[in-house]
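First comes the structure, then the notes that go with it.
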Amino acid sequence: MKLVEYIIDDEEQNEVYAISLVDQPAIEMDFIHFNKEEQVKYQAIDNEQRILLGPILVPDKPIYRKQGEEEWYAYMSKETVKKVAYRYLTQGYSGNTTIQHEEPVKGVYLVESWLKVGKDKSEEYGLELPTGTWVGAFKVDNDTIWQDFIKTGEIKGFSIEGYFSRKAEELAKATIKKDKRYKKGTKVEMESYTDYPKEVQENAKKGIELNLQIGNKCATQVGKVRARQLAKGEPISLETIKRMYSYLSRAEEDYNPEDIEACGTISYLLWGGKAGLTWSRNKLIELEVIELIEANSQELVKELKSLL
């Protein structure tokens, strides 16, 4: 199985845009949580304030990944972990938190963030972490999250959400037979789609214009890049279509065409608006059907032959 290095490529607008509370952290290390009901041995953190503390990213740690028929181990260097940690804060994402990589939640904030260098306070909490680990402390003001997920032990650690590039020399070593995105030993273009309707492009253009009118203050950098792609009619990948549908379906309630200065409205338009929601939903259904047909094509051929 191949080993791939994930990197932050500035030209590709890579970034980590959220941190998720999950039951199975990819880095296989749980956070420590503190509350006023439990007696804990670590007294450096105020137990009244509902703090979660633990590693967010560990450098050079192989993490198993699987997508379709493709399997690999991914890792990040110390320099990449550092870049991710710094960019996450400078982009103002400290309140971007989700549960199980699905629903965004309010009232969970990154209040402390540091990179481990030598001995530091993470060791006071019994955390044995390698140099360069991104460590974070989150404050949980959301009662539901604390009572139903943290206290019950259902959620155990942190997991990042973001876009990364893969180092070219690692990809060149890959030998993948079934994944359409690659041929043996050579990187090729990922399968992409440009058949979204004109209305999706127009919505993206309108979102860009409205955002500029209020100082370009709405949406993440990823959303702004996506809008530029859609406005120009550029090809988008299957993964982008999935994210498009995921965002538009859950953010539809924030869209108000009568309030053109609201960030909810602008962000929704940047991702293609209601036309984008309809198209992405139908496209995913279409592709699922195609995959089923391809997967069962041999059986269908046999069945047809038996009827002749």
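Here, each number is a calculation from the coordinates, and none is a lab measurement. Remember, predicted model here, so these are calculated numbers, not experimental data. Neighbour counts run over all protein chains shown; Cβ positions are idealised from the backbone, glycine included.
Report the paramagnetic label zone for Asp148: residues of the stretch 244-283 whose backbone N is under 15 Å from a point 7 Å from Cα along the Cα-to-Cβ axis. No residue qualifies, since no backbone N sits under 15 Å from the label point. A protection proxy built from the mean count of other Cβ atoms within 10 Å ranks the segments 152-163, 90-101, most packed first, as 152-163, 90-101.
Note on Gln24 and Lys274: the extension gain reaches 86.6 nm, defined as 0.36 nm multiplied by sequence separation minus the Cα-Cα distance.
The modelled label-to-label distance between Asp141 and Tyr86, using points 7 Å beyond Cα along the C-beta direction, is 2.9 nm.
Where does the charge balance sit around Ile208 when Lys and Arg score +1, Asp and Glu -1, over other residues with C-beta under 9 Å from its C-beta?
Details: positive: Lys205, Lys206, Lys224, Arg228; negative: Glu209.
Here the count lands on +3.
Computed from the Cβ-Cβ distance with R0 of 22 Å, the FRET efficiency linking Ser113 to Asp60 stands at 0.65. Select from Gly273, Gln213, Ile260 the residue farthest towards the positive end of the dipole of the stretch 192-295; place +1 on Cβ of Lys and Arg, -1 on Cβ of Asp and Glu, and compute about the Cα centre. Most positive-ward Cα: Gln213. Take the residue pairs Lys139/Lys198; Lys61/Lys206; Lys156/Lys217; Lys206/Lys242 and return only those whose Cα atoms are more than 32 Å apart. Among Lys139/Lys198; Lys61/Lys206; Lys156/Lys217; Lys206/Lys242, the Cα-Cα distance tops 32 Å for Lys139/Lys198; Lys61/Lys206; Lys156/Lys217.
Evaluate E = 1/(1 + (r/R0)^6) for Asp254 and Glu128, where r is the Cβ-Cβ distance and R0 equals 45 Å; express this FRET efficiency to the nearest 0.05.
Details: r = 42 Å, r/R0 = 0.94.
Approximately 0.60, to the nearest 0.05.
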